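First comes the structure, then the notes that go with it.
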Amino acid sequence: MSDPKKAREKLSGAKRVVVKIGTNCLTDEDSKLEEKSIEKLADDIADLKEDGREVILVSSGAIGAGLGRLSFGEMPEDMKSLQAASTVGQGALMRRYSECFEEHGIHVAQILLTQEDLTAPSRFQNFKNTIRTLFKWSVLPIVNENDAVAVEEIRMGDNDPLSAFTASGAGADLLIMLTDVDGLHTGDPKEEESAEPIRTVEKITPEIEKLTEKSSESKFGGMYTKVQAAKIATDEGIPVVVADAEESNVLKKILAGEEIGTLFLAQK
């Protein structure tokens with residue numbers, strides 16, 4: 001097995017980083033935007049940019065924020081309502097991001113994608129051109145699925161696969177997925193007190209995938225889709241870290257090589 005410590009230390013060399021954050025990390029139990037969580041995320045990303053790194057944020061939360069603003073008691077089950085809720089929440093989410101990042105002197109740009117944008121050659125090239133230009137201008141790209149017209153990510157799980165495809169398309173050196181648990185465990189840590197953290201995954205095997213089949217986050221997403229996203233990214237040569245968004249200075253610690261969350265090693 002590769003030396004986990006050396007693998008962690010290599011993360012410090014990442015120049016282009018994709019950070020993905022899930023809905024549960026951005027909204028409370030009533031689907032209202034968590035102001036402190038967004039402020040913390042902005043602080044953490046600002047630290048990376050101050051170190052001279054290029055960062056792309058893949059942010060979920062539009063549907064959740066929309067449901068919160070509309071005071072839905074329960075999440076609708078029909079796709080039309082979820083898509084409509086995303087149109088309400090996306091504006092609120094981006095407004096809050098703009099406010100928080102402006103405190104650090106960082107401008108933000110919204111990029112809404114569908115699966116076709118990442119698979120059709122001409123659209124994909126346009127996406128890459130836009131990313132390059134925004135980096136040249138020192139603007140932070142904030143990517144989300146265009147939920148109003150697409151349904152793949154709503155069904156697949158909280159933008160996890162989208163973050164992997166974004167990392168691949170942008171030529172990222174590292175993908176960090178922030179969630180509400182401290183990485184992959186031997187069981188569901190929310191239900192099993194005996195579940196132990198798995199700090200390094202050298203290769204995503206059927207056994208690793210099986211560990212996550214029953215593990216899920218409330219409302220949106222789940223560890224299973226994060227592992228599937230990690231499989232996509234690591235197969236493209238991009239290491240992945242899944243970590244707890246509430247960890248203090250979480251991004252800085254990961255880039256410093258500290259043993260935070262679970263590291264999935266790149267396969268090439």
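Descriptive notes on the structure:
- Filter pass, LYS36 being in a helix (DSSP H, G or I) and more than 23 Å from LEU112 (Cα to Cα): yes
- Residue in region 4-12 that is hydrophobic (A, V, I, L, M, F, W, C), within 29 Å of GLY171 (Cβ to Cβ) and at pLDDT 95 or above present: yes
- Candidate set from region 12-26 (those that are open to solvent by less than 10 Å² (accessible area, probe 1.4 Å) and in contact with a helix residue (DSSP H, G or I) (Cβ under 7 Å, 6 or more places away or on another chain)); member that is farthest from LEU70 (Cα to Cα): ALA14
- Pair list, Cβ < 7 Å and 6+ apart or interchain, from region 58-87 residues that are farther than 13 Å from ASN144 by Cβ to residues that are basic (Lys, Arg): GLY68/LYS32; MET75/LYS219
For (1) at pLDDT below 95; (2) assigned to a helix (DSSP H, G or I); (3) open to solvent by 30 Å² or more (accessible area, probe 1.4 Å); (4) closer than 30 Å to LEU265 by Cα, each residue gets a yes or a no:
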position: SER2; (1), (2), (3), (4): yes, no, yes, yes
position: GLU29; (1), (2), (3), (4): yes, no, yes, no
position: LEU41; (1), (2), (3), (4): no, yes, no, yes
position: ALA46; (1), (2), (3), (4): no, yes, no, yes
position: GLY66; (1), (2), (3), (4): yes, yes, no, no
position: SER86; (1), (2), (3), (4): yes, yes, no, no
position: ALA92; (1), (2), (3), (4): yes, yes, no, no
position: ARG96; (1), (2), (3), (4): yes, yes, yes, no
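- Check on LYS268, in a loop (DSSP other than H, G, I, E, B), open to solvent by 10 Å² or more (accessible area, probe 1.4 Å) and either under 26 Å from ASN129 (Cβ atoms) or in contact with a strand residue (DSSP E or B) (Cβ under 7 Å, 6 or more places away or on another chain) (or both): yes
- Any hit, region 214-223, residues being of a type in the set (Phe, Trp, Tyr), modelled with pLDDT under 90 and part of a helix (DSSP H, G or I): no
- A residue that is among the hydrophobic types (A, V, I, L, M, F, W, C), over 24 Å from GLY171 (Cα atoms), surrounded by 14 or more Cβ atoms within 10 Å (Cβ to Cβ) and out of contact with any Cys (no Cβ under 9 Å at 6 or more places or on another chain) occurs somewhere in region 49-64.
- Selection within region 110-133 - over 13 Å from THR166 (Cβ atoms) and either over 21 Å from the mean Cα position of the chain (by Cα) or open to solvent by less than 20 Å² (accessible area, probe 1.4 Å) (or both): ALA120, PRO121, SER122, ARG123, GLN125, ASN126, ASN129, THR133
The values are calculated or read from the model by the stated rules, or taken from the named source; none is laboratory data. Not measured: the values here are computed from a predicted model. Reconstructed Cβ throughout: ideal geometry from the backbone, glycine too, with neighbour counts over all protein chains shown. Please note that ligands, DNA and RNA were not included when accessible areas were found on the heavy atoms of the full protein model with its side chains. Shrake-Rupley method; radii C 1.70, N 1.55, O 1.52, S 1.80 Å.
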